Amino acid sequence: EDQVTQSPEALRLQEGESSSLNCSYTVSGLRGLFWYRQDPGKGPEFLFTLYSAGEEKEKERLKATLTKKESFLHITAPKPEDSATYLCAVSSGTYKYIFGTGTRLKVLA
Amino acid sequence: GAVVSQHPSWVICKSGTSVKIECRSLDFQATTMFWYRQFPKQSLMLMATSNEGSKATYEQGVEKDKFLINHASLTLSTLTVTSAHPEDSSFYICSASQDSYGELFFGSGTQLSVL
């Protein structure tokens, strides 16, 4: 069965304290892996797409990596404005998307 | 990036009334759109897949007569919550993709409160 698991469920960091969020997946025929950021009361905001193992993408303090079994979202020197829920999703086949339950990140000043 | 517009952002209605939520892809054509429901501190729950020009495909447990979906054009899908009741109160989000397996782009969501 296709599955996406994110860990940790919640994470509290001090400003400047780097860390990583994990997204483990089991899917037949991965087409793409996606990272989103969601602020309270808003729709998810697209961050990255990764298509193949070894691929990396960066945007400001965020870096996403992909292996054959998992993806990491590395956050370098986070700021309070990085506080949000980060969602991971995979696509397999046509219009089949599976979402993880998210990691709630809180960055303290 | 692609833009998906969703309206209204929030709506309050009386029990028994119907509410329509619109989802538009502003700068791309979306053959397929998706409707999600989200409860506080929980992940997205797929309700239905909306296909332009055909009937929507509903997930198990979602009442198709309660949640009417219409995808009349390549840029517009609507979700109508019929005879809304307090238990229908939730955050509803739509999304669309430019192709069949690429990234989804989301609307800003609609907070529905049924009194």
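The values are calculated or read from the model by the stated rules, or taken from the named source; none is laboratory data. Note that the structure is a prediction, hence the values are computed from the model and not measured. No Cβ is skipped: glycine too gets one built from the backbone with ideal geometry, and neighbour counts run over all protein chains shown. Keep in mind that these areas ignore ligands, DNA and RNA; they rest on the heavy atoms of the full protein, side chains included. Shrake-Rupley method; radii C 1.70, N 1.55, O 1.52, S 1.80 Å.
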Two pseudo-spin positions, 7 Å from Cα along C-beta at A:TYR95 and at A:GLU45, lie apart in nanometres by 2.9 nm
Specify the inter-centroid distance of region A:50-81 and region B:26-78, based on alpha-carbon positions, in whole Å.
29 Å
Could you state how much accessible area B:THR49 has, in square angstrom rounded to the nearest 10, with a 1.4 Å probe and all protein chains kept in place?
20 Å²
Can you list the GluC sites (Glu not before Pro) in region B:1-92 that are in a DSSP coil and have 15 or fewer other beta carbons within 10 angstrom?
B:GLU59, B:GLU63
At what distance in nm do the modelled label points of B:LYS55 and B:SER9 sit from each other, each positioned 7 Å from its Cα along Cα→Cβ?
3.7 nm
Mind listing which trypsin sites (Lys or Arg not before Pro) in region B:1-101 are in a DSSP loop and have 12 or fewer other Cβ atoms within 10 Å?
B:LYS14, B:LYS41, B:LYS55
Cα-based shape type of region A:49-109, given that a ≥ b ≥ c are square roots of the gyration tensor eigenvalues and the cut on a/c is 1.5:
oblate
Short version: ³J(HN,Hα) in whole Hz for each residue of region A:41-46, in order, from phi by Karplus 6.51 cos²θ - 1.76 cosθ + 1.60 (θ = phi - 60°), x for Gly and Pro, what are they?
x, 10, x, x, 9, 5
For region B:68-79, take each phi angle, set θ = phi - 60°, evaluate the Karplus expression 6.51 cos²θ - 1.76 cosθ + 1.60, and give the result in whole Hz per residue in order, putting x for glycine and proline.
8, 10, 10, 10, 6, 9, 6, 10, 9, 10, 10, 10
Could you state how much accessible area is buried at the A-B interface, both sides summed, with a 1.4 Å probe, in Å² to the nearest 100?
1700 Å²
In debye to the nearest 20, how big a dipole does region A:3-108 give about its Cα centre with +1 on each Lys and Arg Cβ and -1 on each Asp and Glu Cβ?
280 debye
Over chain A, with a Gaussian network built from C-alpha contacts below 10 Å, which listed residue (A:THR94, A:THR67, A:THR49) shows the highest mean-square fluctuation?
A:THR94
Residue-count net charge about B:SER113 - beta-carbon cut-off 13 Å; Lys, Arg +1, Asp, Glu -1
-1
Low-density loop positions, GluC sites (Glu not before Pro), region A:47-82 - DSSP coil, at most 11 other Cβ in 10 Å:
A:GLU60
With each label point set 7 Å from Cα along the Cα-Cβ vector, what nm distance links B:ASP27 and A:SER52?
2.8 nm
Summarise the partner chain shielding of B:92-101 as one whole number: the mean count of Cβ atoms from other chains within 10 Å of each residue's Cβ.
4
Checking the table A:LYS96/B:LYS14; A:LYS96/B:LYS41; A:LYS106/B:LYS66; A:LYS42/A:LYS96; A:LYS57/B:LYS20 against a 27 Å threshold on Cα-Cα, which pairs fail?
A:LYS96/B:LYS14; A:LYS106/B:LYS66; A:LYS57/B:LYS20
Value of relative contact order over chain A, rounded to a whole percent, pairs C-alpha under 8 Å and six or more apart
37 percent
Name every cysteine in chain B that ends up alone, with no second cysteine's Cβ under 4.7 Å, or say none.
B:CYS13
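So, counting K/R as plus one and D/E as minus one, what does the shell of residues with Cβ under 13 Å around B:ARG37 add up to?
-3
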Using a probe radius of 1.4 Å on heavy atoms only, what accessible surface per residue do you get for the protein assembly as shown? Whole Å² is fine.
49 Å²
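Let me check I've understood the local charge: for A:THR94, count other residues with C-beta under 10 angstrom from its C-beta, Lys and Arg +1, Asp and Glu -1. What total comes out?
Once positives and negatives cancel, what remains is +1.
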